[in-house]
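Working notes, structure below.
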Amino acid sequence: MAKLYNFPAGVNGQGEAIGIIELGGGYTQSDLDAYFSGLGISPSPSVSAVSVDGGQNQPTGTPTARMRK
């Protein structure tokens, strides 16, 4: 995928910031830990929830259900 988009080689994302858009529900730290662990990244990067137009990080359901979305 990186080659397809000409992503530069030899970089690891250190010092970069990304946004995670949640359009309903939310995430838990354990969800993030499981995701990043699966990528071989430990510890998980620091993630801060930022409210936009009153929306909040409000995860619902079981972790398995959240991962299927």
Practice task
Would you calculate a helix-derived [θ] at 222 nm for the chain, using -39,500 (n - 2.57) for each DSSP H run of n ≥ 4 and dividing by the full residue count, to the nearest 500?
Solution key: -6000 deg cm²/dmol
Problem - Isotropic mean projected area of the C-alpha convex hull, region 1-54 (nm²) - result: 5.4 nm²
Exercise for the section: Would you look at the GNM of the chain, springs on alpha carbons closer than 10 Å, and say which of Ala17, Ala49, Ala34 moves the most? Expected result: Ala17
Handout entry: Length released on extending from Val52 to Asp33, taking residue separation times 0.36 nm less the Cα-Cα span
Key = 4.5 nm
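Every number in this text was worked out from the coordinates using simple rules, so none of it is lab data. All of these numbers come straight from a predicted model, not from anything done at the bench.
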